[in-house]
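All remarks here apply to the structure that follows.
The values are calculated or read from the model by the stated rules, or taken from the named source; none is laboratory data. The shown structure was predicted, so the numbers you read here are calculated from the model rather than taken from an experiment. Here Cβ is always computed from backbone atoms with ideal geometry, including for glycine, and neighbour counts include all displayed protein chains. These accessible areas exclude ligands, DNA and RNA; they are computed on the full protein's heavy atoms, side chains included. Shrake-Rupley method; radii C 1.70, N 1.55, O 1.52, S 1.80 Å.
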Amino acid sequence: MPVTTRRRFLTSGLAAGATPLLARAARAQTAVKIGSAVLGDYSMAGPVIVALEKGMFRAEGLEVEYLPFRGGPDLLKAVMAGECIIGITGSTDILVFREAGSPIKMVATHTEGNHFTLNVATDVQKVADLKGKAIGVTRAGATTWVFARMVAKKEGWDPDKDVQVVGLGGLDAQLAAMARREIAAYVWGDGGAVTELQGKSKVLMRLDAVTPKWISQIQYASEDTIAKHADAIRKSQRALFRALKLGWSPEAVLGAHKISGPLLPVDGRISVEALGAMQETLLEYGLIKKKLALDEYYTREFTPVRI
């Protein structure tokens, strides 16, 4: 089997035999940029890459450039500066950044439920084996940090004494730390299926086991962009949700599809109940300090997405 790179992993979501979207009548293309918090996540980046590869954005009259960022804060800066029309990120960003005063709103659900995974060293057999060891996360206070602490709490451990939760950054840093045996596990999205295929780690569990109500990933935009470029947001969403409807069958994405496939949304509708559960969790862990009305966080102007 050829080496599975992240790009091949994501672009192999183009199902064998699928025909390209027929181009619509020639028209002027509107140039826009779409950003995501990270690249190495199948359900976050995959729909954007597939929509680009299949000409789905161009069929909507858009010339799209895709920009993956190092994390949620960097993506937020680009969205607020008007550099990206839509940001795709972990859902807790909308609660944290909005409470901090950023004028942004969730425009659609990108991945329902909780697709995050606990990825472990190949010699780890069960969660109990992690007691006394280190778990890697992107950064303190990030969604991955919350989930690592929730796993510890579910096991009855003190997350400050019985495990060490370490902020390391991106996936490459997590894997390097695991190879040096500095960590025994890390929290990531469905991209852990690729590193499992490469024999670098293995997926022990999907983290909906610790969050019965959750939204993994969202699409958001600044209030200024919503006011000025609503039509471009709608067109971008039509292309993205067409990509989400495609078959995802090649073996390179099969493992990730098992994790995230059942959670890919049909039309982006927003579960207010799930947002409320997430808000309560972030309040409990001290990541937000006040309880804003839930309608501060989202708009229903763009959902359900009709394609």
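Laid out as a table, the results:
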| quantity | calculated |
| --- | --- |
| Any hit, region 212-235, residues being open to solvent by 70 Å² or more (accessible area, probe 1.4 Å), at pLDDT 95 or above and of a type in the set (A, V, I, L, M) | yes |
| Any hit, region 83-94, residues being surrounded by fewer than 17 Cβ atoms within 10 Å (Cβ to Cβ) and in contact (Cβ under 8 Å) with a residue 12 or more places away in the chain | yes |
| Given (1) open to solvent by less than 10 Å² (accessible area, probe 1.4 Å); (2) within 26 Å of Pro212 (Cα to Cα), number of the condition Leu75 does not satisfy | (2) |
| Any chance Val146 is closer than 24 Å to Asp93 by Cβ and modelled with pLDDT of 95 or more | no |
| Enumeration of residues in region 56-72 that are among the basic types (Lys, Arg) and either buried (at least 22 other Cβ atoms within 10 Å of the Cβ) or not in a helix (DSSP H, G or I) (or both) | Arg70 |
| Enumerated strands (runs of 3 or more DSSP E) restricted to region 104-158, each holding at least 1 residues that are open to solvent by 40 Å² or more (accessible area, probe 1.4 Å) and not basic (Lys, Arg) | 104-112 |
| Residues that are surrounded by fewer than 18 Cβ atoms within 10 Å (Cβ to Cβ) and either on the phi < 0 side of the Ramachandran plot or touching a Pro at 6+ places or on another chain (Cβ under 9 Å) (or both), drawn from region 166-195 | Gly167, Gly170, Asp172, Ala173, Ala176, Ala179, Arg180, Glu182 |
| Residue in region 280-298 that is farthest from Thr109 (Cα to Cα), counting only those that are in a helix (DSSP H, G or I) and not aliphatic (A, V, I, L, M) | Glu284 |
| Options Gly136, Gly113, Gly156, Gly141; residue that is touching a Leu at 6+ places or on another chain (Cβ under 8 Å) and at pLDDT 95 or above | Gly136 |
| Flag for Ala193 being more than 22 Å from Gly90 (Cα to Cα) and hydrophobic (A, V, I, L, M, F, W, C) | no |
| Ala51 over 30 Å from Gly286 (Cα atoms) and either hydrophobic (A, V, I, L, M, F, W, C) or touching a residue at least 12 places away in the same chain (Cβ under 8 Å) (or both) | yes |
| Residues located in region 59-82, provided they are among the charged types (D, E, K, R) and at pLDDT below 95 | Arg70, Asp74 |
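Residues are listed down the side, and each one gets a yes or a no for (1) without any contact (Cβ under 8 Å) to a residue 12 or more places away in the chain; (2) among the small types (Gly, Ala, Ser); (3) touching a Ser or Thr at 6+ places or on another chain (Cβ under 9 Å):
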| residue | (1), (2), (3) |
| --- | --- |
| Ser102 | no, yes, yes |
| Met106 | no, no, yes |
| Thr143 | no, no, yes |
| Ala148 | no, yes, no |
| Gly156 | yes, yes, no |
| Val163 | no, no, no |
